[in-house]
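Q: Mind looking over this structure? Questions follow.
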Amino acid sequence: MAAVGERQISYDARGLAEPVAEAPRTAVVDADGVATFDARDLTTRTINLELRRLLYEEGVDEVVVQNPQGRHSLGVGILRRCKIRFEGSLGYFACGIIDGPEIHITGRVGWSACENMMSGVVVVDGNGGSLTGAAMRGGDLVVKGRVGARTGIDQKGGTIIIGGSVGSMTGFMMQRGRQIICGDAGAGLGDSMYDGTIYVAGKVKSLGIDCVPGEWTDADTELVERKFRIYGLGSPPEFQKFVCGKVLYNYDSLEPSEKKLVI
């Protein structure tokens, strides 16, 4: 139990309590303007409150969060340009709904990292869980290790770069954007994708519905080499390119019928 005023507020590790939590104000800002605070004894909500206090109230542009200890939903909803470094691993829904920040995670991440990411850069040194980059709209997401199933599900833009292998149904219902996979891909790659491009360096267990090999162009070479150069990934391996076969493109023929039903 934690005392807040005259009330006792119980701590729930899932982050469902602490309705009146306040930022702990434990961060130290050095001479270069970099703020650092230790999250070891803080809860999910107080970590996020301290982060937002520094970025929005204090106007700090660079924050280092030590010992996040795999807590869920950290670094979410940051809608400004800044730099954030998490020294350790994060849990589920890390850095979701962000627009602008450059984030470096020195450990690994759980399910749904960077879901609905709008812009910015996130680099993860370790592995990622399933649903990495779900519904991502823009920016670059780099996971240097492996990731689970349904990576980039419903991806609407941006670039996802995976240093290792990916699980099944990666690129499911992909609408736009790019995925650069340096390892193998599981079954159902690009299933029901409508647009976008998937590059795979390793073996593909099977392609999903309407995902077909694409023709390699100079633009593909430029993109891959540029991304590898930006993130210090060395020389790129040889990739296969996969795109949408557009067999499922039937909206134009269905739309008139749907309009008649509405009328």
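The values are calculated or read from the model by the stated rules, or taken from the named source; none is laboratory data. Everything numeric here is computed off the predicted structure, so don't read it as measured data. Positions of Cβ are backbone-derived with ideal geometry, glycine not excepted, and every protein chain shown enters the neighbour counts. Heads up: the accessible areas ignore ligands, DNA and RNA and are worked out on the full protein's heavy atoms, side chains in. Shrake-Rupley method; radii C 1.70, N 1.55, O 1.52, S 1.80 Å.
Q: Subtract the Cα-Cα distance of ASP218 and GLN69 from 0.36 nm times their separation in residues, and report this length gain in nm to one decimal. If you can, show how the numbers build up before the last one.
A: Values: separation 149, 0.36 × 149 = 53.64 nm, distance 4.33 nm.
Fully extending the segment from ASP218 to GLN69 adds 49.3 nm.
Q: Using a Gaussian network model of the chain whose springs link C-alpha atoms within less than 10 Å, name the residue from MET117, MET173, MET136 with the highest mean-square fluctuation.
A: So, out of MET117, MET173, MET136, the one fluctuating most is MET173.
Q: Kindly report the accessible area of the chain per residue (heavy atoms of protein chains, probe 1.4 Å, no ligands, DNA or RNA), in Å².
A: Details: 13140 Å² over 263 residues.
That works out to 50 Å² for each residue.
Q: Right, another one. How big is the chain by Rg and Dmax over its Cα atoms, in Å?
A: So, for the chain, Rg and Dmax equal 20.7, 68 Å respectively.
Q: Still on this model: Where both partners of a DSSP beta bridge lie in the chain, what percent of those bridges are antiparallel, to the nearest 5? Show your work: numbers first, answer last.
A: Numbers: 11 of 50 bridges.
Of all bridge pairs located within the chain, approximately 20 percent are antiparallel.
Q: Farthest toward the dipole's positive end in the chain, which of GLY100, CYS244, LEU90, given Cβ charges of +1 (Lys, Arg) and -1 (Asp, Glu) about the Cα centre?
A: Value computed over the given set: CYS244.
Q: Charges on Cβ only, +1 for Lys and Arg, -1 for Asp and Glu, centred on the Cα centroid of the chain; of CYS211, CYS114, GLY158, which one is farthest towards the dipole's positive end?
A: Positive-most Cα among the choices belongs to CYS211.
Q: Hey, another quick one. Can you give the extra length, in nm with one decimal, that the chain gains between ARG226 and ALA31 once fully stretched, where that is 0.36 nm per residue apart less the Cα-Cα distance? Please report the intermediate quantities before stating the final value.
A: Numbers: separation 195, 0.36 × 195 = 70.20 nm, distance 3.41 nm.
Extra length from ARG226 to ALA31 when fully extended: 66.8 nm.
Q: Follow-up question, since we're still on this one. Work out, step by step, the length gained on full extension between TYR194 and GLU238: first 0.36 nm times the residue separation, then minus their alpha carbon distance; give nm to one decimal.
A: Working: separation 44, 0.36 × 44 = 15.84 nm, distance 2.46 nm.
Length gained between TYR194 and GLU238: 13.4 nm.
Q: For the range 187-244, give the magnitude of the charge dipole about the Cα centre (Cβ charges: +1 Lys/Arg, -1 Asp/Glu; no others), in debye to the nearest 20.
A: On the way: 6 positive and 9 negative charges, 63 e Å.
Dipole size: approximately 300 debye.
Q: Moving on to the next point. Taking only Cα atoms and a 10 Å spring cutoff, compute GNM fluctuations for the chain and point out the largest among ASP32, ASP154, ASP220.
A: Evaluated over the chain, the most mobile residue of the options is ASP32.
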